[in-house]
Amino acid sequence: MPLKVYVDTGETVWSTNGLEFDSYEKAKAYGENLMDRWMAVREFAVVPVSPGFMGQLTTEAVRKVAVRE
């Protein structure tokens, strides 16, 4: 199952882009890099998704499905 990086920018939902990762390490590295480059990101989460999924998620949904180290 692919992984996506979801970001919290202070909105009511967390957002993502079209990138999918095949490992937690790659997704985490991308999220960390994004936080360094984009000041709007408060935090990020690595989330397993169906291939091609592009939906936004609520904070509650992210907390339920986020992959942890």
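Taking every C-alpha pair closer than 8 Å and separated by at least 6 residues, the mean separation divided by the residue count of region 1-46 gives a relative contact order of 47 percent. Multiplying the residue separation of MET54 and SER23 by 0.36 nm and removing their Cα-Cα distance gives an extension gain of 9.3 nm. Quarter the surface of the alpha carbon convex hull of the chain and you get the mean projected area, 4.2 square nanometres.
Taking every protein chain into account, the accessible area of the chain amounts to 63 square angstrom per residue (probe 1.4 Å).
The values are calculated or read from the model by the stated rules, or taken from the named source; none is laboratory data. As the structure is a computational prediction, the values presented were derived from the model and not from experiment. For the accessible areas, the whole protein counts, side chains as well, though only heavy atoms, and no ligand, DNA or RNA atoms are used. Shrake-Rupley method; radii C 1.70, N 1.55, O 1.52, S 1.80 Å.
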